[in-house]
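S.K.: One structure coming up, written as structure tokens, with questions to follow.
The values are calculated or read from the model by the stated rules, or taken from the named source; none is laboratory data. All values reported here derive from a predicted model rather than from experimental measurement. When we count neighbours, we look across all protein chains shown, and the Cβ atoms used for this are built from the backbone with ideal geometry, even at glycine.
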Amino acid sequence: MLNRRSIFAAAVLVGLCALAPHCLAAQSSSSKDTPKPKPNASTDNATQNAPDQPTWDPLRAERDLEVGQYYMHKGDLDAAIDRFEDAAVAKPGYAIPYRFLGECQEKKRLKRDAIKSYTRYLDLFPHAEDKDKIEKKIEKLRSEVEKSKKKSAG
């Protein structure tokens, strides 16, 4: 036995089916009358970040850190430095790449670069557990740079 809801639903369905061809015909004829919009030159369809914008990619930064540590333990310091620099670019404000970068630069005897990296690490992470150790490294490197200046001047 049919109740009122079933009868009403069937009537609505029949009405929609009867109107569907008319609506589709009206829609297709209106699409023929109006031309398709041309792409506007001012619309943004960029697929890459602008060169002056940071390329924020924290997952890539973590991967670069892992690979950089692998290269560092393997002894390929140049490759490790490249990876740590990439990690710093991929996640600006992340302190860890600068610590590893400083270690690699210190091993390669790039003392001024190591001082900059260690200083940046402490700027980004002022309450680091190894803060005292890093500050001692910075002072040691600064004294070595001063000694080399005196030797070259004298």
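S.K.: All but one of (1) under 20 Å from the mean Cα position of the chain (by Cα); (2) outside any loop (DSSP other than H, G, I, E, B); (3) under 18 Å from ARG63 (Cβ atoms); (4) not polar (S, T, N, Q) hold for CYS104, so report the exception by its number.
M.R.: CYS104 satisfies all of (1) under 20 Å from the mean Cα position of the chain (by Cα); (2) outside any loop (DSSP other than H, G, I, E, B); (3) under 18 Å from ARG63 (Cβ atoms); (4) not polar (S, T, N, Q) except (1).
S.K.: Quick one: which residue in ARG109, ARG142 is basic (Lys, Arg) and on the phi < 0 side of the Ramachandran plot?
M.R.: Within the list ARG109, ARG142, the selection yields ARG142.
S.K.: Could you check GLU66 against (1) assigned to a helix (DSSP H, G or I); (2) at pLDDT below 95 and say which number it fails?
M.R.: So the condition that GLU66 fails would be (2).
S.K.: Give me the residue from segment 66-81 that is within 10 Å of CYS104 (Cα to Cα) and among the acidic types (Asp, Glu) and, out of that set, surrounded by the fewest Cβ atoms within 10 Å (Cβ to Cβ).
M.R.: Top of the filtered list is ASP78.
Conditions tested, residue by residue: (1) under 25 Å from VAL67 (Cβ atoms); (2) out of contact with any strand residue (DSSP E or B) (no Cβ under 6 Å at 6 or more places or on another chain); (3) surrounded by 15 or more Cβ atoms within 10 Å (Cβ to Cβ); (4) of a type in the set (A, V, I, L, M, F, W, C).
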| position | (1), (2), (3), (4) |
| --- | --- |
| ALA87 | yes, yes, yes, yes |
| PRO92 | yes, yes, no, no |
| ILE96 | yes, yes, yes, yes |
| GLU103 | yes, yes, yes, no |
| LYS107 | yes, yes, no, no |
| ASP113 | yes, yes, yes, no |
| SER117 | yes, yes, yes, no |
| LYS133 | yes, yes, no, no |
